[in-house]
1. Only Cα pairs within less than 10 Å get springs; with that Gaussian network setup on chain B, which residue of B:PRO231, B:PRO26, B:PRO88 has the largest fluctuation?
2. Of the listed peptides B:199-206, A:263-270, what is their order by residue-averaged count of other C-beta atoms within 10 Å, with the highest listed first?
3. Roughly speaking, what is the stretch gain from A:LEU274 to A:SER162, that is 0.36 nm per residue apart minus the C-alpha to C-alpha distance, in nm to one decimal?
4. What Kirkwood radius, in Å to one decimal, follows from the Cα pairs of chain B?
5. Measure of size requested: the Rg and Dmax of region B:1-41, with Cα atoms as the atom set and Å as the unit; please supply both.
6. Between region B:1-80 and region A:84-160, what is the C-alpha centre distance in whole Å?
7. Using the C-alpha gyration tensor of chain A, what are the square roots of 5 times its eigenvalues, in whole angstrom, with the largest one first?
8. Helix B:172-189 sits at what angle to the longest principal axis of chain B, using alpha carbons and giving 0 to 90 degrees rounded to 10?
Amino acid sequence: MQFLADLIVSGLAAGAIYGLFGMAYAAIYKATGVVNFAQGEVAMLIVYLTASVFTRIPLPFWSALLIAPLIGIATGLVLDRLVIRPMVGRPAFAIVMVTIGLAVMIRALIVLAWGSEPREFPARAGEAVLKFGGVGLYPVQLLAFAVLAVAIAAAWALLRFSRMGLAMRATAIDERTATLMGIDVRRVAAIAWAASAGVSALAGVLFASTTYVGPDLFQAGLKAFPATIVGGLDSVIGSAIGGLILGVVENLTGGYGDTALKEIAGFVAIVAVLMIRPTGLFGARDVERL
Amino acid sequence: MLRIEHLRITYGNAVEAVRDLSLDVPAGGIVALLGANGAGKSTVLKAISGVLAAEGGRIAGGDIAFEGASLRGIRADDAVRRGIVQVPEGRRLFARLTVAENLSIGGFLRGAAERADTLARILDLFPPLTDKLSRAAGLLSGGEQQMVALGRALMARPRLLMLDEPSLGLAPVITGEIFAALARLRGELGLTILLIEQNASRALALADRATVMEGGRVAASGAAAALAADPMIRAHYLGLSDSGTRRNVREAVALAPRVRWPA
């Protein structure tokens, strides 16, 4: 029973990071209809930039959770302006292909700028295990839960109560009509890219602090992609919950089954969920009067 | 208020959708743009509202001016900022959003106080929407959806309201209610309206002036009452017989060469 509890809690902690990545995917998809296949690479770039700051200026780990999102927002705005805005009005397929090209460019840029040797993230969250009713958690795992909870609350409030959130939801449904209502869809896309990069920065820093900073860090983002499919590609909060589900499924599969199965568990979950709910667990379905 | 001069619109530098169209919409007036499918009416609206380029079209000649300023190259959101608001063909509501959210999006560029004030007016204009504000817009009837579409446009407090086929897919009694609301809007708010409509009888009854388009060109233009009374216009461009009912299409086509485009 203790083993099961440990697997579930550590699965939720890993899932919290997947959930943050999932939210980042969904934020862009929801506002622009584009799957950003450079999500992991964008997070990796932000982690490298943040690590560079922390190498020069020794700061406590918690400050990375403020600095990385700021670097992320700036990175998202720059990428939107340089890469995405010139593509506005082009077919979604063309923009998706651009994100794939962007991913390759970022990978190459990182090796050129920082080399291919992995290194430790300069600040650590602490190694002391915190006990909660017999279940042990590292501080960074606890932080991951807290960050995901704050991110979910912020996303819910933004989408539910703000005018920009409503504009994002309208743009996601019908971009052309949204422009006819006076919504500047280019601004909506810029905000989505900035928010997405900010959230993926958090995921990247949390992930890097438990592993290392290396040129294969982007794979964390790729591995989290099933989370957003399971939760619903157009549901920011659903994608966060999808991440938690994915983390637990992976851990239980690895704990009770074969370690190799853990790697494919997420994709098995995609197939199972999509067969039952084609838009994911929390994805929006069309509303139509028959 | 809106002046179109010698407008020429092409798609992909090949298809000429609008040829030498000139049109004036005076402040407070209602102008109807009539014609069959493919006549170029909706293309004109797209050029005014700034969505033409996104569909591969471009203004190849002439100009569109709103209150003296050219609209060439304008973005759709800028057009709304200038007071030009369109009710698109087929309503195009945000089906998953509630009626209240749809209306709120219409007032995206307006402040909270203005939105609240305009919402009260819209609910006064369309009472059936009052108890449906929290329903998904996609679940409303066609007539109610058209009311939401019109209300959503009014939330932007337009100076020029453009409607693309407001009667499309609606029962005659609902169409009557929608046109009555438009007449009331003009009377109470002095709203300027550019109306695209295939229901020629309704459009001519509401409008001050009308332009009939065919194949991208102006086939006839003048006071709506005069066009409605002209037997040739009624028969060949509006598809109406003397009794006011639609003519047989084959009959209209057979008559066409005698009167259309004299050499």
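Every read-out reported here was derived from the displayed coordinates using simple, explicitly stated rules and does not represent laboratory data. Computed from a predicted structure; not experimentally measured. Glycine also receives a Cβ, built like all others from the backbone with ideal geometry; neighbour counts cover every protein chain displayed.
1. Ranking B:PRO231, B:PRO26, B:PRO88 by mean-square fluctuation puts B:PRO231 first.
2. Ranked by mean Cβ neighbours within 10 Å, highest first: B:199-206, A:263-270.
3. Here the answer is 37.2 nm.
4. 19.0 Å is the Kirkwood radius here.
5. Values for region B:1-41 (Cα only, Rg and Dmax): 11.9, 37 Å.
6. About 46 Å separates the Cα centre of region B:1-80 from the one of region A:84-160.
7. For chain A, the ellipsoid semi-axes come out as 29, 24, 17 Å.
8. 70
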